[in-house]
Amino acid sequence: MSTLAAQPVARTERNLYMPYRMRIARITDEAPAVKTFRLEFVDPADAEQFSFKAGQFGEYSVYGEGESTFCIASSPTRKGYIECTFRQVGRVTSALADRDEGDIIGFRGPYGNVFPIEQWRGKNLLFIAGGIALPPMRCVIWNCLDLRDQYKDVSIVYGARTVADLVYKHELAEWGTRPDVKLAVTVDPGGETPDWKGHVGFVPTVLDKLAPSSDNAIAVLCGPPIMIKLTMPVLTKLGFTPENIYTTLENRMKCGVGKCGRCNVGKLYVCKDGPVFTFAQLAALPAEY
Ligand SMILES: Cc1cc2nc3c(=O)[nH]c(=O)nc-3n(C[C@H](O)[C@H](O)[C@H](O)COP(=O)(O)OP(=O)(O)OC[C@H]3O[C@@H](n4cnc5c(N)ncnc54)[C@H](O)[C@@H]3O)c2cc1C
Ligand code: FES
């Protein structure tokens, strides 16, 4: 008799590449070509065992079209769903943009490292974002706001090219009325509307004017490369050190789990060792960063 035939098959681990089936519970149009999906697990058992932390990302798929990498834009403190916000730029994001509420898409994750928010307890937090870079920051902002008594001042500086390009407009309005959040929203010169009441100017200029203290503070900075380049000297002038400034990278990825080598920078795999880095860590990477 074959001993092999008698052995039960161990089914302990989920296949790494097997996506969860997610139902699109809600679609929000944020800005031109930018949508937020609220996704719920089709299988309640998947929902039960799933967890993630602020800073992590996933691979979102449409059958027959492929996968796209997006951060998880909702906070881990909000249970029962995840959210992603994406700009329609190509094949997969166009296929996603064509989906309706109730449709099923795939999700693999969570992947990557996290913002070390436990280490930030008792500190002042400064979040600076530009354009479509608010989604990775929205997750960590809500996470810290949902644990508000653990942190001191929370300041948010957010800029977009025009008023129409601002994402999460309803949440910006909410943050703007909270007494425990200092919010500055700005649009580029010429991007304002007649009824615009926020700032007009580029993010680094607005930050320079507001001059938040670097004392006992952490900064998180995400945005297009030109914004990062011009904002870093302002943060340095304010006294922030590279060890206390965090960002999240968006290198192109494929597997998301350190197998394919698509995302590596020097010895690092951005998908596993990142995407969250301090600017001190980035300074030690090869010249392109
Ligand atoms: C960790 C991580 C988090 C991300 N989070 C978000 C997010 O929250 N929201 C969001 O909208 N996007 C995010 N991105 C970028 C997103 O993955 C790409 O825009 C998306 O995969 C494009 O898919 P596509 O098939 O529609 O585009 P494709 O058809 O593959 O490409 C369309 C165009 O976009 C360019 N492109 C594709 N991927 C990237 C990239 N990573 N960086 C720069 N250019 C790119 C291509 O060169 C091409 O010009 C993230 C990327 C990473 C790695
Ligand atoms: S995306 Fe495959 S190794 Fe990072």
For this session: Please list, in chain and number order, the residues 5+ apart from Phe127 or on another chain whose amide H is under 5 Å from its amide H, with Hs placed from the backbone.
Result: Ser155, Ile156, Val157, Val220
Exercise. In the structure shown, do any of Lys197/Lys272; Lys229/Lys272; Lys53/Lys197; Lys123/Lys169; Lys197/Lys237; Lys79/Lys123 have a Cα-Cα gap over 32 Å, and if so which?
Worked result: Lys197/Lys272; Lys53/Lys197
Exercise. If you take the Cα Rg of region 20-111 and divide it by 2.2 N^0.38 Å, with N the number of residues, what do you get?
Worked result: 0.98
For this session: Treating cross-link reach as a plain straight distance, find the aspartates and glutamates whose alpha-carbon is under 19 Å from the alpha-carbon of Lys259, omitting any fewer than eight places away in the same chain.
Result: Glu13, Glu59, Glu67, Glu250, Asp273
For this session: Using only the C-alpha atoms of the chain, find the volume of their convex hull and express it per residue in Å³.
Result: 163 Å³
For this session: Find the relative contact order for the chain and round it to a whole percent, using C-alpha pairs within less than 8 Å whose residues are 6+ positions apart.
Result: 16 percent
Exercise. Just from its helices, what would the mean residue ellipticity at 222 nm be for the chain, if runs of 4 or more DSSP H residues each count -39500 (n - 2.57) and the sum is divided by every residue, rounded to the nearest 500 deg cm²/dmol?
Worked result: -6500 deg cm²/dmol
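If contacts are Cα pairs under 8 angstrom and at least 6 residues apart, what is the relative contact order of region 20-111 in percent?
38 percent
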Problem set entry | Tensor-based shape of region 124-248 (alpha-carbon gyration tensor, a/c under 1.5 rounded, otherwise prolate or oblate) | oblate
For this session: With a cut-off of at most 12 other beta carbons within 10 Å, and DSSP calling the residue loop, which trypsin sites (Lys or Arg not before Pro) in region 208-265 qualify? Please list them.
Result: Arg252
Seminar exercise, completed: Taking GluC sites (Glu not before Pro) as exposed when in a DSSP loop with at most 10 other Cβ atoms inside 10 Å, the chain has its longest clean stretch at 119-287
Seminar exercise, completed: In region 187-240, the chymotrypsin sites (Phe, Trp or Tyr not before Pro) that sit in a DSSP loop and have at most 16 other Cβ atoms within 10 Å of their own Cβ are Trp196
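Is there a quick way to get the dipole size of the chain? I mean about its Cα centre, with the Cβ of Lys and Arg at +1 and of Asp and Glu at -1; what is the value in debye to the nearest 20?
Values: 33 positive and 32 negative charges, 110 e Å.
Rounded to the nearest 20 debye, it is 520 debye.
Values quoted throughout were computed directly from the atomic coordinates according to the rules given, and no laboratory measurement underlies them. In this text, all values refer to a predicted model and were calculated from it rather than measured experimentally. Cβ atoms come from the backbone with ideal geometry, glycine included; neighbour counts cover every protein chain shown.
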